[in-house]
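To keep things clear, I will list the structure first and then write my remarks on it.
The values are calculated or read from the model by the stated rules, or taken from the named source; none is laboratory data. None of these values were measured; they are calculated from a predicted model. As a convention, Cβ positions derive from the backbone with ideal geometry for all residues, glycine included, and neighbour counts pool all protein chains shown.
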Ligand code: G3H
Ligand code: 13P
Ligand code: ZN
């Protein structure tokens, strides 16, 4: 099966009250772990590439690895640019075979965001590619940009209808209290998301797919493993799974997960070396890391996203 866009995936997910996982990919083992889990559970999939990942692994290597995953799984897979920040980057991914791009104009003022997003949409739609845009700003680190909690801002529901109709974007990332990375909420406080804002947005844009970034659960099992084997992440905290399930049942059709992949991989490798300090064949530690990713993604698909059997 060739790469698909997210159009049909989102239509089905919206109606079915589930979400599609959008997993960040950087290398072969990550792609294999994710796609093997999706294949076993017959799940649609979004594989997303940040500009940092593209710099690290190279566009051609990543697209060829995804091509291999398509051949091995025969699943509907969308290849998506995560947090594109310029027209040129989006264009390069569209020209290079991606089926979906995000233009993240959330750091710009409203009118500039509308202008930049519209330009990307016009170029993408003429080539059969879909576009995710963002309104509101998440806290946390993405690529080299670090947005502090004070500078983050919730999406204003009063702006979403105007933004979507003027830009003609295909999905919208919103800020309701999630953030990127492994430290999402203040230590000692109860994690809280603004579901009231999501509800308002849903009312303003009935049937329109919403995207949740910064949606890793920061799975405690892996954080504990990292801490046990020489790490130091006592304050790591993610989005509770029941909140993600609630969002998936609402208008959220795409749930972005990167930190949980990083934690599963790193915890497994730390444990491996603590137990096998004299091993040095990369296959010995990358194999278990790939299995950990597969198990973690299978758990998300079945117990959080609800997209198992929906391919
Ligand atoms: O939202 C950002 C993703 O976690 C990607 O991270 O830019 O370090 O690859 P990265
Ligand atoms: P996490 O850091 O919560 O995994 O979020 C990833 C993300 O939003 C990628 O765009
Ligand atoms: Zn993000």
Checklist entry - For region 99-108, how many residues are modelled with pLDDT of 95 or more, assigned to a loop (DSSP other than H, G, I, E, B) and out of contact with any helix residue (DSSP H, G or I) (no Cβ under 8 Å at 6 or more places or on another chain)? => result 2
Next on the checklist: Cβ-Cβ distance below 8 Å, separation of 6 or more or different chains: which pairs start in region 243-263 with a residue that is farther than 16 Å from residue 299 by Cβ and without any contact (Cβ under 8 Å) to a residue 24 or more places away in the chain and end on one that is away from ligand 1 (no atom under 16 Å from the Cβ) and part of a strand (DSSP E or B)?
Outcome noted: none
Next on the checklist: Take the residues in region 200-222 that are away from ligand 2 (no atom under 13 Å from the Cβ) and not in a loop (DSSP other than H, G, I, E, B); name whichever of them is surrounded by the most Cβ atoms within 10 Å (Cβ to Cβ).
Outcome noted: 201
Checklist outcome for this item: Exactly one of 47, 62, 138 is surrounded by 23 or more Cβ atoms within 10 Å (Cβ to Cβ) and modelled with pLDDT under 95, and that residue is 138
Checklist entry - So how many residues does region 240-281 have that are closer than 21 Å to residue 171 by Cβ, in a helix (DSSP H, G or I) and more than 16 Å from ligand 3 (Cβ to nearest atom)? => result 5
Next on the checklist: Among the residues of region 108-122, are any within 16 Å of ligand 1 (Cβ to nearest atom) and at negative phi?
Outcome noted: no
Item to check | Candidate set: region 69-85, residues that are away from ligand 2 (no atom under 16 Å from the Cβ) and in contact (Cβ under 8 Å) with a residue 24 or more places away in the chain; chosen: the one nearest to the chain's Cα centre (by Cα) | outcome: 77
Item to check | Answer from 58, 42 - the residue that is more than 16 Å from ligand 2 (Cβ to nearest atom) and farther than 15 Å from residue 308 by Cβ | outcome: 58
Checklist entry - Looking only at region 4-44, which residues are surrounded by fewer than 24 Cβ atoms within 10 Å (Cβ to Cβ), in a helix (DSSP H, G or I) and under 15 Å from the mean Cα position of the chain (by Cα)? => result 31
Checklist entry - Quick one: is residue 33 under 19 Å from residue 258 (Cβ atoms), more than 16 Å from ligand 1 (Cβ to nearest atom) and either out of contact with any helix residue (DSSP H, G or I) (no Cβ under 7 Å at 6 or more places or on another chain) or in contact (Cβ under 8 Å) with a residue 24 or more places away in the chain (or both)? => result yes
Checklist entry - Of these, 177, 105, which one is buried (at least 18 other Cβ atoms within 10 Å of the Cβ) and free of Cβ contacts under 8 Å to residues at least 24 places away in the same chain? => result 177
Next on the checklist: Any residue at all in region 294-311 that's without any contact (Cβ under 8 Å) to a residue 40 or more places away in the chain and not in a loop (DSSP other than H, G, I, E, B)?
Outcome noted: yes
Checklist outcome for this item: Over region 168-189, the set of residues more than 16 Å from ligand 3 (Cβ to nearest atom) and out of contact with any strand residue (DSSP E or B) (no Cβ under 6 Å at 6 or more places or on another chain) is 168, 186, 187, 188, 189
Checklist entry - Out of all the residues in region 223-239, is one or more surrounded by fewer than 23 Cβ atoms within 10 Å (Cβ to Cβ), within 21 Å of the chain's Cα centre (by Cα), at pLDDT 95 or above and outside any loop (DSSP other than H, G, I, E, B)? => result yes
